[in-house]
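*Asks:* Right, I'll just put the structure down here and ask away after.
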Amino acid sequence: PNIAILDWMMPGLEGVQICERLRKMNPSRYVYVILLTARSKTEDVIKGLDSGADDYIIKPFHPEELKYRLRIGERIIELEQRIISMASTDYLTGLLNRRAFMERLEAEINRAQRGYNHLGIIIADLDHFKDINDIYGHQVGDRVLQDASRCLTSACRVYDFVGRYGGEEFIICLPGANINETCNIAERMRNMLREQRTVLADNTEVGVTASFGIADMSSGSAMSSDDLIKKADDALYQAKGKGRNQVVIADSK
């Protein structure tokens, strides 16, 4: 839970013991703990807060007091969630940043290996993006990146996830997708990007294409995330060498 209200005196484990264990666990999400007890001595309050409780309410209490203490807890949790979101999100596109994407990719690879499932990876690079910045300026370049991000995301399935890999490069993870499914999704992305236009204030339309390298982890594979990404990156390099605006499948070896 995000917020827990614990009594001090409970059978088995007391509230302060649960607080201590919870803080030692260091879960990925913070749990705001309110300790509710009839113990009103200063030393008891100190002991309760020292155990890891965030707030301490002495019985008997007024229901309105508990309600507003809970609101404080909600504000703390919401603030933490905003901070986590900012730390894992690319500021320009709203996609996962590279670090957050890699963490999630590692989890998906482990899950796929446990379940003997496929997993597809796509690396996309916007073609001649430097020319857009040089001709129209970086603000227009930023808009093109944002539009491309939305386009790639809209071409995904609901359980796929997209990250900004760096500059004008994007990386997409497709849980459960074999190489044919990965190729189909990459082609859908390529066609959608090719048809998309970023419309400027003077009604000038700026288009962009992208090159795609794809790879997949087959059922039962022990491939690492680095190996999988390198295969897709090598395929992307081939797509650029062949003239760009195309999808290339990584060597199956």
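*Asks:* Before we move on, is residue 170 open to solvent by less than 10 Å² (accessible area, probe 1.4 Å) and not small (Gly, Ala, Ser)?
*Replies:* Yes.
*Asks:* Is there a residue being outside any helix (DSSP H, G or I), open to solvent by less than 70 Å² (accessible area, probe 1.4 Å) and in contact with a Leu (Cβ under 9 Å, 6 or more places away or on another chain) anywhere in region 65-73?
*Replies:* The answer is no; no qualifying residue exists.
*Asks:* In addition: All but one of (1) of a type outside the set (Gly, Ala, Ser); (2) touching a helix residue (DSSP H, G or I) at 6+ places or on another chain (Cβ under 8 Å); (3) surrounded by fewer than 18 Cβ atoms within 10 Å (Cβ to Cβ) hold for residue 205, so report the exception by its number.
*Replies:* (2)
*Asks:* Additional query: Are any residues in region 160-184 closer than 22 Å to residue 128 by Cα and in contact (Cβ under 8 Å) with a residue 60 or more places away in the chain, and if so, which ones?
*Replies:* Hits for region 160-184 are 162, 163, 164, 165, 166, 170, 171.
*Asks:* Of all the strands (runs of 3 or more DSSP E) wholly in region 139-253, which have at least 3 residues that are over 19 Å from residue 112 (Cα atoms)?
*Replies:* 161-166, 197-199, 205-207, 210-217, 247-249
*Asks:* Could you tell me whether region 117-132 includes any residue that is assigned to a helix (DSSP H, G or I) and open to solvent by 20 Å² or more (accessible area, probe 1.4 Å)?
*Replies:* Within region 117-132, one or more residues are assigned to a helix (DSSP H, G or I) and open to solvent by 20 Å² or more (accessible area, probe 1.4 Å).
*Asks:* Now for a different question. Which condition does residue 35 not pass, out of (1) assigned to a helix (DSSP H, G or I); (2) among the aliphatic types (A, V, I, L, M); (3) in contact with a helix residue (DSSP H, G or I) (Cβ under 7 Å, 6 or more places away or on another chain); (4) over 30 Å from residue 250 (Cα atoms), if it passes all the others?
*Replies:* Evaluating residue 35 over (1) assigned to a helix (DSSP H, G or I); (2) among the aliphatic types (A, V, I, L, M); (3) in contact with a helix residue (DSSP H, G or I) (Cβ under 7 Å, 6 or more places away or on another chain); (4) over 30 Å from residue 250 (Cα atoms) leaves (1) as the failure.
*Asks:* With the condition kept exactly as written, say whether any residue in region 41-48 is open to solvent by less than 80 Å² (accessible area, probe 1.4 Å) and touching a helix residue (DSSP H, G or I) at 6+ places or on another chain (Cβ under 9 Å).
*Replies:* Within region 41-48, one or more residues are open to solvent by less than 80 Å² (accessible area, probe 1.4 Å) and touching a helix residue (DSSP H, G or I) at 6+ places or on another chain (Cβ under 9 Å).
The values are calculated or read from the model by the stated rules, or taken from the named source; none is laboratory data. In this text, all values refer to a predicted model and were calculated from it rather than measured experimentally. Every residue, glycine as well, gets a Cβ built from its backbone with ideal geometry; the counts of neighbours run over all protein chains shown. Please note that ligands, DNA and RNA were not included when accessible areas were found on the heavy atoms of the full protein model with its side chains. Shrake-Rupley method; radii C 1.70, N 1.55, O 1.52, S 1.80 Å.
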